[in-house]
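Here's the structure we're looking at; comments come further down.
Every number in this text was worked out from the coordinates using simple rules, so none of it is lab data. These figures come from a predicted structure and were not determined experimentally. Neighbour counts run over all protein chains shown; Cβ positions are idealised from the backbone, glycine included.
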């Protein structure tokens, strides 16, 4: 059974819950406690392994450069040097890169939401000739990964004069077949009667969309938003191709690469930069965990 | 309001549109293949007359000088800007030489080009081939400029086909950085660093055995070229690509083989470890001198300022700088120049081209070169600059800064010591690094590795020439 | 309408016209709503895709702005028969093979370990999914530092290959795969957890009552029930692996990617396009990339059809 849209990370499981079995004799309970302890150990090992790289990044960002080259490597900054963060922000222009990424990501997310909402509405609620053909056209875009189109897209964007502009960064990504399908699915869940009632009440399509349909599919909208956000924020290849070396438009991912290349003796600064770049997303992860999971797993529903 | 009938199939036209666009549009720009620049000089476009006749202009200069060097350049530029009111120069800082070159090439289609640009040595033939630059020769004629006491070898590097294409600006050479204290502790004379490759191999072993750290071997293909030049050998044919376009590589000779053998020896001895010139570990050879992992390394004299600053943090390091160890005991050639030059972009207006030349002439003047060299460690490009009090006092307090200059001014002048000019320089250099690496990882014999590198290079040169010649 | 009703009532005409215009208005609205997306797709997805086939036939000069010339299929032939292309295919194949199964398995194991309502579990779950927000640049810079032979952790662990890991033709690709696996673990964990949570409890309970325990339970019941999730993870993971670019660019760079055998197909496309300024070669490679992904997705779909039907039985 495929995962559903409402799956979250926090739903407790049914089977296997401790205490769900009938009271057992003592050795069994001891064995169960041992298993629980083992599970905690495994979980902790897993967490340490996964978090270790970021932990070391934070540690190294707080060391002085001469300490970093020290062998054996230090695992805790006993004398934290916070200056690296200031340096990353000012010399490394990280603030500018974050601003650029914020603009680029917002535009792409807004654009993808808008075009997907409109297209999904048409597919879900309207009837028109070549509907099936057009649906297949949208499907076909899923088969053509972006990487296959970069050669010509670069030329197109250059000839339109969009090189090193936010237009060039964002416009090729303003539509998404995946988003359209996601929202179409969500719209299709809305009961027919609601639609008919609205029509009888004199609601035109756009009013119905804005006042009835959209509020009802808020979870799917949030899911798509998170998915688009992650995709746009983490883009690397296209910003690399389309932005120039001035900082007017360069995003934080390329900025990190630049930081690494120019800070030869200041590894702590480069790492401070990565920590700064990752913190906004970590916050979002914690706050939007539910939407994140939904968006990343909803593609399994066909 | 009559609603229109949308009986238009959307998909078919969409697909057809795409096909039509794909079929009809040309793949590239429409500039025609002009004939190769004739020998006749154009002294009108880039000229003092042109500049005099125009209103004040602002020009853009793409430069890629990092941090401290960038500040020195800014100081010089401010000086130029305030000394006259005809030309105002905007410095546009790029991240690196490679980025500048990539951006310049992108500019050929998207139109974002500077008026004067600092391009690295290996992009020389490439710049000529883009057919977008104004040869310095024409400006020299148009301004009745005298090159005066500019170092002949520095000029020679950027003279291709008997035409001065660009003017040298930030010139450096490979030098040996070593830790005098480590030498002392290993029983070597700290004032007699190795001057030949053979001695380098031996000393590296001695140092490593004494626990002082061996050689940080940065695999820069540049060193092979410099060794050839030091032995007065050509790197590519047709006069190192200067008489006519190079068609083959010729570095597979006894000098090259000996050099490769020495490299392999050091690594096999365990007295040298390698790092690359790109990627995350590009500074490991220098950082390693600080941490004690290495006692010596070869790197560019252009990094001297930064290296001094970096290594001064380590109490167990006393920096020494020596000329590049050569294959021959007594070198018969000379070290070729390296670094970057200033190019005038042809696509700018005549007034801007002339303005660009005015600025270039300023940067290459005696006073500017003295300031520039003292502030950065680059070689002062005029003898008069070298003799200035600024430089003389720098050299007496820090003789390390003199090493690159001495290298560049000693030895013979020939097409070999002028260095090679090649279109696909970057991929040929990659082939050389690959060959070097194959010696260390797959245990290929030095002679075989070198021969493989030459064969690969020949293929790459042939492909490039085919793409350019048409 | 009966045959005796000769006079077509006037009321029906306006009704029909009204219905027609309403339908047409709906069509108009629908096309209007689809237009923005279709425009973007047309210009930035379909047109470039089709143009690749034309670009592949032209040889380009080393620098933009100079004319290209038609060489027909010979360029396609020379690219497909070149050693660098074969190496790239091999590298891509091994890379995908290293990243996807390990990433999926890791995610599955973490999901199983976390599939229990015990105290503090949500903290662990957040930790396990954290890598999904680390961008490729962050992962590359962080791991690049950790793997650096001078400032990293490896010498302390006794790992000191010559040349260094990221320059090493044998170990560079596994190193880059490791970074990709780490990044993929978060996503893989989320997918597997969602899958586990949607397993029908009745079937699991029934199997448990039937006496299935431990391994049997896992292999015979859980995994087959999870197969649609595993399939989804496989598709997502494969696409993710094929899109890998940033780590290789930041840590290895175009100069060294050939030698270190990390020149995966997408990186090769980038090199051809951006470094060699050869959109013709890039187009050929793009078409190959497309075909590979297409074949892979179609094959997976066919496989899915069989497996899911089987599992559902």
Provide A:136, B:360 in ascending order of the number of other Cβ atoms located within 10 Å of each residue's Cβ, fewest first.
-> A:136, B:360
Between A:192, A:86, A:29, find the one with the highest GNM mean-square fluctuation for chain A; connect C-alpha pairs within less than 10 Å.
-> A:29
For the range A:88-300, which semi-axes, largest first and in whole Å, follow from the square roots of 5 times the eigenvalues of its Cα gyration tensor?
-> 38, 20, 14
Tell me, B:167, C:98, A:206 in order of fewest to most beta-carbon neighbours within 10 Å?
-> A:206, C:98, B:167
If you build a Gaussian network model of chain A, linking Cα atoms that sit under 10 Å apart, which residue out of A:166, A:76, A:37 swings the most?
-> A:37
With a ≥ b ≥ c taken as the square roots of the eigenvalues of the C-alpha gyration tensor of the range B:107-250, please select rounded if a/c is under 1.5 and otherwise prolate if a/b is larger than b/c or oblate if it is not?
-> prolate
Per the Kirkwood treatment, what hydrodynamic radius in Å, one decimal, follows for the range B:326-470 from the mean inverse distance over all distinct Cα pairs?
-> 18.9
Hydrodynamic radius by Kirkwood for the range A:168-253, inverse mean 1/r across distinct Cα pairs, in Å, is 15.5
Chain B, relative contact order [Cα under 8 Å, separation at least 6], % = 24
Cβ density ranking, 10 Å radius, fewest first, applied to B:379, A:293, B:250 yields B:250, A:293, B:379
Expressed in angstrom and ordered largest first, the alpha-carbon extents of the range A:33-130 along the principal axes are 70, 53, 18
Counting alpha carbon pairs within less than 8 Å and at least 6 residues apart, what relative contact order, in whole percent, applies to the range A:88-300?
-> 37
Indicate the gyration tensor shape class of chain C (rounded, prolate or oblate), computed on the Cα atoms with a ≥ b ≥ c the square roots of the eigenvalues: a/c under 1.5 is rounded; otherwise a/b larger than b/c is prolate and the rest oblate.
-> oblate
Degrees separating the helix B:446-469 axis from the principal Cα axis of chain B, which is the longest one = 20
One-quarter of the Cα convex hull surface for the range C:90-233, in nm²?
-> 11.0
Could you tell me how many degrees, from 0 to 90 and to the nearest 10, lie between the Cα long axis of helix B:254-269 and the main elongation axis, the longest principal axis, of the Cα atoms of chain B?
-> 60
Output the Cα-based Rg and Dmax of chain B in Å, rounding Rg to one decimal and Dmax to a whole number.
-> 24.9, 100
P(r) for the range B:341-387: what percent of alpha-carbon pairs falls in each 10 Å bin, starting at zero?
-> 29, 40, 24, 7
0 to 90° range, to nearest 10: angle between helix B:11-24 axis and chain B longest Cα axis = 70
Taking the C-alpha atoms of the range C:71-110, convex hull volume expressed per residue in Å³ = 57
Could you work out the relative contact order of chain C, using alpha carbon pairs under 8 angstrom and six or more residues apart, expressed as a whole percent?
-> 27
Taking a ≥ b ≥ c as the square roots of the Cα gyration tensor eigenvalues, with a/c under 1.5 meaning rounded and otherwise prolate when a/b beats b/c or oblate if not, the range A:26-84 comes out prolate
Of C:44, C:53, C:290, which has the largest mean-square fluctuation in a 10 Å C-alpha GNM of chain C?
-> C:44
Where the convex hull is taken over the Cα atoms of the protein assembly as shown, what is its projected area averaged over directions, in nm²?
-> 53.6
